[in-house]
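A short worksheet on the structure shown next.
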Amino acid sequence: MRKIFILRAILQLMLVFLVIGAVGMLIFIPVILFNSEGDLPFRISGNIIDVNSVFGKVVVVIAGITYLLYVYAVFLLKKTIDLFIKRLLFDDEVIKKLNLIGKIFVAVALMINIPAFFSSVFFNQHIDFNLTSYYSDSMLFNVAIGLFFMILSEVFKIAKNLKEENELTV
């Protein structure tokens, strides 16, 4: 059971750094969007983005929204772990949170990789779409993690129903 406390501590530490990054991002993105004079270098998924173009500004906004969604998913995961520590395993709240975490991870994977693909075509004039990377920033990995959380939600829902049926039988 000690592993769950380690996981909660890691998630709390992640949240501190993610929130600091989110605050910085919320300050920095308006500067990028409304500063047409400067030539700030901006890189998303290895692609240099021209933030003076409309497409570049859209990509920056999408990246900001994606980051905030990711912070929210980590927050939900920490809240779910807190419910596990309270031994509320088959609670409706846990099931909803696991499903929402999965949906957010899939959305984040798509929201960051689709604009990255189009920005490589638009800004770098070449097609750069890589599905074979096996690391934590890989689109396939993030979609798989999202689907895993959604499946885990369904497993918990089935287990909850079986538990309720078992309690009615006794």
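Every number in this text was worked out from the coordinates using simple rules, so none of it is lab data. This structure is a prediction, so every number in the text was calculated from the model and none was measured. Neighbour counts are summed over all protein chains in view; Cβ atoms, including those assigned to glycine, are modelled from backbone coordinates with ideal geometry.
Here's the list of lysines a cross-link from Lys57 could span, going by alpha-carbon distance under 26 Å and ignoring same-chain residues fewer than 8 apart: Lys103. A Förster radius of 41 Å combined with the Cβ-Cβ distance from Arg87 to Phe141 puts the calculated FRET efficiency at roughly 0.85. Note on Val23 and Ile6: the extension gain reaches 3.5 nm, defined as 0.36 nm multiplied by sequence separation minus the Cα-Cα distance. Please tell me which of these pairs span more than 18 angstrom C-alpha to C-alpha: Lys3/Lys86; Lys96/Lys160; Lys3/Lys96? Beyond 18 Å between Cα atoms: Lys3/Lys96.
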